[in-house]
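Every number here is computed from the coordinates shown, using simple stated rules; none is lab data. Just so it is clear, the model here is predicted, and its values are computed rather than measured. With ideal geometry, Cβ positions are generated from the backbone for all residues, glycine too; neighbour counts draw on all protein chains shown.
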Amino acid sequence: MSQQVRTRPEGSGRALSEAYDTALLDLDGVVYAGGEAIAHAVDSLGAARAGGMHLAYVTNNALRTPDAVAAHLTELGIPAQAGDVITSAQAVARLIAEQVPAGARVLVVGGEGLRVAVRERGLVPVESADDDPVAVVQGYGGPELPWGRFAEACYAIARGVPWFASNTDLTIPSARGIAPGNGAAVAVVRIATGAEPQVAGKPLPPMHRETILRTGAQRPLVVGDRLDTDIEGAFNGGVDSLLVLTGVTDGPQLLAAPPQHRPTYVDADLRGMLTGQPEVVEAGVGFRCGGWTATAGDGRLELDGEGEALDGLRALCAAAWTAAGEGVCELDGGKALARLAL
């Protein structure tokens, strides 16, 4: 897909919740962290919903069912129904169903969310490579997933059974820190078999297709905290995105983002959905946003002025992305970012 290279965050004269009909929201790092709601998330989502925006929750985590995710959101004060939740388990189950006969057996290596999604597509989950599966599907199964499940996958794949994965995120956040994600588990099977799975989750097209099919969105806005899943997924789907800084992405990563990782908008948290977005404009040899002007040269990024820290970050993005073009900005932005204390 050919797309124009983004060289600066965009501005918006309207609140994003008015400019877009559907928010496709990531969960971990955007709506909640460690199971608890992130600051301002509950009020911001409630206001967006009250204003008529459809909210959909899109997660690469295939462990929990949509019912369980919706119940968790409701407990946090964010009313949600199962139909508002789209998971990578659903995306991969559809991908499998399009390639195997109805009622076929599928060896499931993962949790209940994956089993429920497979059944939803009219397929039959099985536990063993000896149950004659026509496909193997692997999704995050949580810390209690037995090691023997990987062996079953390997046995089936060695017999020529096609292999699918819900997603390949190497890590997953937990209340105690960063834990191995499904991508780490997929790597175990890859090492043992030499095979490569078909993958459905963000940032790949099957996940975006699943969200559009289930939400009917006409003007979707992807809202996420990860450049390599949320923002790249929006890029691959040809839709706009809002990066919030409540999760894993920091200033240096944002400034160094290649084209497919550059968000349309940048804001501190979900309150950014309820406001317009300031414009970044060319100012001589640099870029201005609010009271800040950013320039690139002599091996570094420089920032002059004062004002809202986020405006300074937006101006720096414009300077860095313009300098990088279709590549990655290698200019030193450390001193400039330090002025913003983000």
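A few remarks follow.
- Contour excess over end-to-end distance, with Cα ends at residue 124 and residue 170 and 0.36 nm allotted per residue: 13.8 nm
- Overall, the ratio between the Cα radius of gyration of the range 1-71 and 2.2 N^0.38 Å, rounded to two decimals, is 1.33.
- With eigenvalues of the C-alpha gyration tensor scaled by 5 and rooted, the chain, Å: 38, 22, 17
- When each of 95, 254 is scored by the number of other beta-carbon atoms lying within 10 Å, the sequence from fewest to most is 95, 254.
- When only Cα pairs below 8 angstrom with a gap of at least 6 residues are kept, the chain shows a relative contact order of 20 percent.
- Charge sum, other residues only, whose C-beta stays under 10 Å from residue 299's C-beta, Lys/Arg counted +1 and Asp/Glu -1: -2
- The C-alpha atoms of the chain define a longest principal axis, and helix 182-193 lies at about 50 degrees to it.
- The range 27-128, Rg to Rh (Cα coordinates; Rh as Kirkwood inverse mean 1/r): 1.06
- For the pair the range 290-329 and the range 72-128, the centres of their Cα atoms are 43 angstrom apart.
- With 0.36 nm allotted per residue and the present C-alpha distance subtracted, the residue 50-residue 271 stretch has 78.2 nm of extension available.
- A simple rule links phi to the HN-Hα coupling: the Karplus curve 6.51 cos²θ - 1.76 cosθ + 1.60 with θ = phi - 60°, which for the range 37-45 gives 4, 6, 3, 6, 5, 4, 5, 5, 5 Hz, with x for Gly and Pro.
- The calculated Kirkwood hydrodynamic radius for the range 97-197 is 13.6 Å, given to one decimal from all distinct C-alpha pairs.
- Antiparallel content of DSSP bridges confined to the chain, in %, to 5: 35 percent
- Ranked by the mean number of other Cβ atoms within 10 Å per residue, highest first, peptides 23-31, 318-326 order as 23-31, 318-326.
- Residue-by-residue Karplus 3J(HN,Hα) for the range 153-161, coefficients 6.51, -1.76, 1.60, Hz, glycine and proline x: 4, 4, 4, 5, 5, 5, 8, x, 6
- Residues with amide H under 5 Å from that of residue 28, placed H, sequence gap 5 or more: none
- Look at the alpha carbon pairs under 8 Å that are at least 6 residues apart: their mean separation over the length of the range 1-136 gives a relative contact order of 19 percent.
- Convex hull volume per residue for the range 252-342, taking Cα atoms only, in Å³: 92 Å³
- Rounded to whole numbers, the Karplus 3J(HN,Hα) couplings from phi for the range 119-124 are 5, 4, 8, x, 9, 10 Hz, using 6.51 cos²θ - 1.76 cosθ + 1.60 with θ = phi - 60°, and x at Gly and Pro.
- Rounded to 5, percent antiparallel among DSSP beta bridges of the range 121-260: 30 percent
- Here is the tail figure for the range 155-291: Cα pairs spaced more than 19 Å apart come to 62 percent of all pairs.
- Length-normalised contact order of the range 256-342 in % [C-alpha pairs under 8 Å, at least 6 apart]: 30 percent
- Bridges between two residues of the range 97-197, per DSSP, are antiparallel at a rate of about 30%.
- Residues 274, 255, 170, arranged from fewest to most other Cβ atoms within 10 angstrom of their Cβ, appear as 170, 274, 255.
- Take the Cβ atoms of residue 281 and residue 187, set R0 to 51 Å, and the FRET efficiency comes out at 0.70.
- Stretched out straight at 0.36 nm per residue, the stretch from residue 213 to residue 5 would grow longer than its current Cα-Cα span by 72.1 nm.
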